[in-house]
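Q: Following this message is one structure expressed as C-alpha cells.
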Amino acid sequence: MLPEHAADVLLVSLGSTAGLRRADDELQDSLRRAGARVAIARPYPPEPLPTLMLTDLLWARAAREAAAKILEQQRLAPARAVIYSSTTAALLWKRPGAIRFDATASGNRRGRHGLWQRPLERRRLRQAPLLLPWSEGGLHEAPNVAGRDERALVLPVPVEPSGALDAKRDIAAVTYAANPRKKGLDRVLAAWRRLRAESPPASASAPEELVVAGAGADELRRAGFLAADEPGVRAVGALVPDEFRALLRRARVFVCAPRREDYGIAQLEALADGCALVTTAAPGPYAALPLARALDRRFVPDDDGGLAAALRAALDGPADDYADRALALLEPYRHAAVDRTVAEELLPRLLASAGR
C-alpha cells in the first residue's frame, strides 16, 4: 500500500519583501479554507549583497535548500503539488511546480541586473505546469507566454478594508517608501514642496502633513531625500501591517510616483481603507493604476510634473461616492472572490497537474 501524501501542496515561500510574505500567508490561508493540507518551506534570509544578480542567486539557493529540506522530510510521502512563490524561488528548483509571481525578471531585472536570471526564468516558465500571476499585467509581461496561456490563472492578493471608513481623516497624505528611489519618494517630496509653496490649504487652521511610511527620517536624510527638520513631512519608519493600515484609515490621500510598480499592494490597501489614490503612471504590472484612473482621472497625471496639481485636487475633495466606487472596483480582489478561484479553479488544476 502506498503511503498517504504528507500534504496536498508544498508552498515555497521566498518572503524577501513584506508584500511577498503577506501574499504567501494569504495563499496558505485560502488553500486551507479550500480543504487543502499545506506545507511551507521558508528560506532563511541571506545577507544583503551589492548587486541584484548576487542577491537573487543567494535567495534562489536559500529557496532551493528550504524546499529540499521539506522534500527530504516528505521522501516517503511527498506533497502532491508544489507552488513556488516568485520566479526567483523557482530558478534552482529540485522539483517542477506552479510558479506564482507579481512580476518577472524579464520585467524588473533589465540589462546587467538580470543576466543569468532571465534565460533561466524563461526555461522555468516553459516547464511549469501552472502559471499564477498576481495580475493580467504580470502575465502579459512574462516571456514565452502568448496572450492568456492555457496554463495561466490570475490569482490576486486579497485586500479588505481594515476597519470602519468613517474615522476622522486627520492626516492629509501618506506615502510608502521602503525602497525610496523605486517608489519615487523624491518625486513625491518635490510635488509636496511645490504644493505647499504654491497652493496653500483651504483652511489655514488645518496645516497639511505628508507622512512617509516604510523608511525612517535618519535613513532618508542620509540618502539625501529629506532636509533636516523639513516642515510638513513626518517619516515614521517601518510599520507592522496593523499600524500601517491604521495610518491609512486616518489619511485623506495616498500618494506615490513609482519608477516601476510590480503590483501595488499598498495602493490597493489605501483604496480599501477609504483614501483617494494619487499616482503617476508607471511601467510594470501596476494593478492599482487602472482603478485609480477609473475613479478620478484628475488624480493620475501622466508624469510627476502634474503631481502637485493632482494632490491639491484630491486634498480639496474627491467625489462623495469615491470610497464606495473604490470598494466596488476592489470586488475581484476581496477574500470571497479569491477564495472561490482557489477552491474552484486553482486546487483542482494543481492536483490534476500533479497526477500527470
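Q: In the range 141-156, what count of residues is obtained for those that are modelled with pLDDT of 85 or more, in a loop (DSSP other than H, G, I, E, B) and either surrounded by fewer than 19 Cβ atoms within 10 Å (Cβ to Cβ) or touching a Leu at 6+ places or on another chain (Cβ under 8 Å) (or both)?
A: So the count comes out to 6.
Q: Looking at the range 9-24 only, could you name the residues that are of a type in the set (D, E, K, R) and at pLDDT below 95?
A: Of everything in the range 9-24, those that are of a type in the set (D, E, K, R) and at pLDDT below 95 turn out to be 21, 22.
Q: Tell me, which residue of the range 33-59 that is of a type in the set (A, V, I, L, M, F, W, C) and touching a Phe, Trp or Tyr at 6+ places or on another chain (Cβ under 9 Å) is surrounded by the most Cβ atoms within 10 Å (Cβ to Cβ)?
A: Within the range 33-59, the match that is surrounded by the most Cβ atoms within 10 Å (Cβ to Cβ) is 57.
Residues checked against (1) in a helix (DSSP H, G or I); (2) of a type in the set (Ser, Thr, Tyr); (3) free of Cβ contacts under 8 Å to residues at least 60 places away in the same chain:
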position: 239; (1), (2), (3): no, no, yes
position: 249; (1), (2), (3): yes, no, no
position: 252; (1), (2), (3): no, no, no
position: 255; (1), (2), (3): no, no, no
position: 258; (1), (2), (3): no, no, no
position: 262; (1), (2), (3): no, no, no
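Q: How many residues does the range 309-350 contain that are within 30 Å of residue 77 (Cα to Cα) and in the same structural domain as residue 257 (by TED's automatic domain parsing)?
A: We begin by selecting, within the range 309-350, every residue within 30 Å of residue 77 (Cα to Cα); these are 338-350.
Now drop any that are not in the same structural domain as residue 257 (by TED's automatic domain parsing), which leaves none.
Total meeting the criteria: 0.
Q: Oh, and also: Test residue 243 against the stated conditions and say whether it is in the same structural domain as residue 97 (by TED's automatic domain parsing) and in a helix (DSSP H, G or I). Full working, then the answer.
A: Numbers: in the same structural domain as residue 97 (by TED's automatic domain parsing): no; in a helix (DSSP H, G or I): yes.
For residue 243, the condition - in the same structural domain as residue 97 (by TED's automatic domain parsing) and in a helix (DSSP H, G or I) - is not met.
Q: Among the residues of the range 57-76, are any assigned to a loop (DSSP other than H, G, I, E, B), over 22 Å from the mean Cα position of the chain (by Cα) and not basic (Lys, Arg)?
A: For the range 57-76, residues assigned to a loop (DSSP other than H, G, I, E, B), over 22 Å from the mean Cα position of the chain (by Cα) and not basic (Lys, Arg): present.
Q: Residue 354 fails exactly one of the following numbered conditions: (1) within 20 Å of residue 98 (Cβ to Cβ); (2) modelled with pLDDT of 95 or more; (3) not β-branched (Val, Ile, Thr). What is the number of that condition?
A: Result: residue 354 fails condition (2) only.
Q: Tell me which residues, restricted to the range 227-254, are surrounded by 21 or more Cβ atoms within 10 Å (Cβ to Cβ) and at pLDDT below 95.
A: Within the range 227-254, no residue meets the criteria.
Q: So the check is Cβ under 7 Å with 6+ separation or different chains; which pairs have a first residue in the range 312-327 that's closer than 18 Å to residue 192 by Cβ and a second one that's of a type in the set (Ser, Thr, Tyr) and in a loop (DSSP other than H, G, I, E, B)?
A: That search, which allows pairs on different chains as well, returns 312/199.
Q: Output the qualifying pairs, or none if there are none: Cβ atoms under 8 angstrom, residues six or more apart or on different chains, first residue in the range 150-174 and under 19 Å from residue 232 (Cβ atoms), second residue at pLDDT below 90.
A: Filtered contacts from the range 150-174: 172/201; 172/208; 173/208.
Q: A further question follows. Within the range 298-329, how many residues turn out to be in a loop (DSSP other than H, G, I, E, B) and under 22 Å from the mean Cα position of the chain (by Cα)?
A: Result for the range 298-329: 4.
Q: Moving on to the next point. Among the residues of the range 17-32, are any part of a loop (DSSP other than H, G, I, E, B), in the same structural domain as residue 339 (by TED's automatic domain parsing), surrounded by 19 or more Cβ atoms within 10 Å (Cβ to Cβ) and at negative phi?
A: no
Q: Quick check: is even one residue across the range 261-279 aliphatic (A, V, I, L, M), more than 15 Å from the chain's Cα centre (by Cα), within 22 Å of residue 312 (Cβ to Cβ) and surrounded by fewer than 21 Cβ atoms within 10 Å (Cβ to Cβ)?
A: no
Q: I'd like to know if the range 30-45 contains one or more residues that are under 18 Å from residue 141 (Cα atoms), free of Cβ contacts under 8 Å to residues at least 60 places away in the same chain and touching a helix residue (DSSP H, G or I) at 6+ places or on another chain (Cβ under 8 Å).
A: Within the range 30-45 (the criterion being under 18 Å from residue 141 (Cα atoms), free of Cβ contacts under 8 Å to residues at least 60 places away in the same chain and touching a helix residue (DSSP H, G or I) at 6+ places or on another chain (Cβ under 8 Å)), the answer is no, since none of the residues qualifies.
The values are calculated or read from the model by the stated rules, or taken from the named source; none is laboratory data. Quick caveat: nothing in here was measured; it's all calculated off a predicted structure. Glycine also receives a Cβ, built like all others from the backbone with ideal geometry; neighbour counts cover every protein chain displayed.
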